[in-house]
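Report on the structure given below.
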Amino acid sequence: MSENTATKAKKSAAVKKNIKFEDAVSRLEEVVKSLEGDKVSLDEMLALYEEGVGLVKNCLSQLDAAEQKVQKLSRDESGEIVCVDFDVSEG
């Protein structure tokens with residue numbers, strides 16, 4: 001398998017929607033290191049860049065989903081305990 005083919009194989013595997021956040025960040029770090037090196041052809045750079053963009057989108061999507069899940073318990077006017085969205089500005 002040529003290096004270009006290996007890069008494409010990694011790309012398709014890494015951009016899967018079910019990749020764990022930590023794995024996506026780790027792969028993104030590898031992509032950045034590869035792009036910073038001088039042993040990558042232009043075609044491979046483009047493939048790595050596209051993979052990186054996909055990984056970033058995936059990470060942002062997972063972060064958005066996690067943010068939506070964060071809630072806190074509070075009491076309403078009648079004293080009942082309810083779940084409300086966590087407001088970052090409240091601390």
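The values are calculated or read from the model by the stated rules, or taken from the named source; none is laboratory data. Just so we're clear, the structure is a prediction, and the values are computed from it rather than from any experiment. Cβ sites come from the backbone with ideal geometry, for glycine too, and all protein chains shown count toward neighbours.
Out of everything in segment 10-24 that is within 10 Å of the chain's Cα centre (by Cα) and surrounded by 15 or more Cβ atoms within 10 Å (Cβ to Cβ), what residue ends up being modelled with the lowest pLDDT?
Residue satisfying both the conditions and the ranking: V15.
What single numbered condition from (1) modelled with pLDDT under 70; (2) surrounded by 12 or more Cβ atoms within 10 Å (Cβ to Cβ) fails to hold for M1?
That leaves (2) as the condition not met.
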